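Worksheet for the structure shown next.
Here, each number is a calculation from the coordinates, and none is a lab measurement. Being a predicted model, the structure only gives us computed values, none of them experimental. When we count neighbours, we look across all protein chains shown, and the Cβ atoms used for this are built from the backbone with ideal geometry, even at glycine.
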Amino acid sequence: MAVTSKWCQHIEAWQRSGLSQAEYCAEQQINIRTFTARLSDYRKLHKSDSATLIPVQVAPSEPVDAGIIFTHAHGHRLELPTSVSAQWLAELLRCLA
């Protein structure tokens, strides 16, 4: 099934929401299986073969010693403790580039 503009709007709203798929679907009264199927279709349409830069916004977290949190627009999160070595983090970021 084609991904309609309605489903694109739902998927993009979910990505911005910070909610899990199940939470978003419950809030919007959407069938989770239908949402998952449309998300799969959406990802196939928006798949890129080339590497792309991902915008990252750095903001202080609460409490201050919570660590380093990277949040992706698609809802993925990477949380690292403050004890992570800066050298290790720099190497990780180089590998992802």
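Summary table below
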quantity	calculated
At R0 = 25 Å, FRET efficiency that the Cβ-Cβ distance of E91 and Q57 yields, to 0.05	0.65
Those residues of the range 1-36 whose amide nitrogen sits under 16 Å from the label point placed on A73, 7 Å along Cα→Cβ	8-18
Karplus-derived HN-Hα couplings along the range 78-95 (A = 6.51, B = -1.76, C = 1.60, θ = phi - 60°), whole Hz, x at Gly and Pro	10, 10, 10, x, 5, 7, 5, 5, 4, 5, 4, 5, 4, 5, 4, 5, 5, 5
Cut-off under 5 Å, modelled amide H: who pairs with I68 long-range	L80, T82
